[in-house]
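This report concerns only the one structure given below.
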Amino acid sequence: MASSDEVSRLIRVYREYEQRDSWSDLNAGNRTILEERRRVLGRILAEHGLLPLADRRILDVGCGQGQVLASLMAYGAAPGNLFGLDLLPQRIEIAKQRFPEIHFRQGNAECLAFVDGFFDLVLLFTVFSSILDAQMALNVSQEVRRILKPGGAVLWYDFRYNNPNNPNVRGVSRKAVATLFPDFSLHLDTITLLPPLARHLGRATSWLYPVLSALPVLRTHYMGLLIKPK
């Protein structure tokens, strides 16, 4: 059962985000955050024996305009094995234009139109921190579990802290992740310097970002794999 009120709220919030420019690529802090995330993503895939990605079917839930999903082609993923889902149809239209060889569709992750065990890997990047309704979160996690094959994995990247300046998100603790995926094995590390701080480092970003991000309390996200039992 889809959580219609929560879906409507999410669509409204995401549309508001589209009007903001806080994640401009012109900002050195934003670029460093993304570069760090790409580097860690590659390391995670390598350490868990998932490379190359050539034969693996991959779904990106909340794929936005498709950049993260398309970046997996650098690790050998075949575009015909890549699928992206997003609530906002305008995001999907842009993704289709930018990456026509990848499968994109608009939809709600509470009801995924794929057979059981279809995917080897599911990307969940800042998905559950945006869902404030507990039932919707449970619905999405159950669908993700269903469409993952035994031994498949979730590639997780999400806030671990609440944002006092944004009531539309909430941090997802390690305990909360374990509650959403109770029988999965969790391999999570902290990453990403507090974004508002990172964006204000200016010319000092290249040397100050690694210094500050070495402090665990300033790392705002978890990133890693959640592995479904075989």
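Laboratory data are not the source of any read-out in this text; all were calculated from the coordinates shown. Everything quoted here is computed from the prediction, not taken from an experiment. Neighbour counts are summed over all protein chains in view; Cβ atoms, including those assigned to glycine, are modelled from backbone coordinates with ideal geometry.
Tabulated data
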item	result
Bridge type composition, the chain - antiparallel percent by DSSP, nearest 5	45
Helix-only [θ]222 nm of the chain, DSSP H runs n ≥ 4, -39500 (n - 2.57) each, per residue, nearest 500	-11000 deg cm²/dmol
The stretch 12-56 residues near the modelled residue 101 label - backbone nitrogen below 18 Å, point 7 Å along Cα→Cβ	52-56
Extension gain from residue 93 to residue 26, taking 0.36 nm per residue of separation minus the Cα-Cα distance	21.7 nm
Positive-end residue of 125, 191, 54, charge dipole of the chain with Cβ unit charges	191
Of (1) 44; (2) 47; (3) 61, the label for percent of Cα pairs over 24 Å apart derived from the coordinates	(1)
Other-chain or far-sequence residues with amide H under 5 Å of residue 77's (modelled H)	53
Within straight-line cross-link reach of residue 175, lysines at Cα separation under 17 Å, skipping those fewer than 8 residues along the same chain	228
Extreme residue, positive dipole direction of the chain, given options 159, 92, 67 (C-beta unit charges)	159
Rounded to whole Hz, the Karplus (6.51, -1.76, 1.60) HN-Hα couplings of the stretch 52-58, x for glycine and proline	x, 8, 3, 9, 9, 8, 10
Net charge dipole size for the chain [Lys, Arg +1 and Asp, Glu -1 on Cβ; Debye, nearest 20]	400
Listed peptides 61-72, 165-176, 181-192 by packing density, highest first (mean Cβ within 10 Å)	61-72, 181-192, 165-176
Potential extension, residue 214-residue 135 segment - 0.36 nm per residue separation minus Cα distance	24.9 nm
Inter-label distance for residue 8 and residue 165, nm, one decimal - labels placed 7 Å from Cα along Cα-to-Cβ	3.0
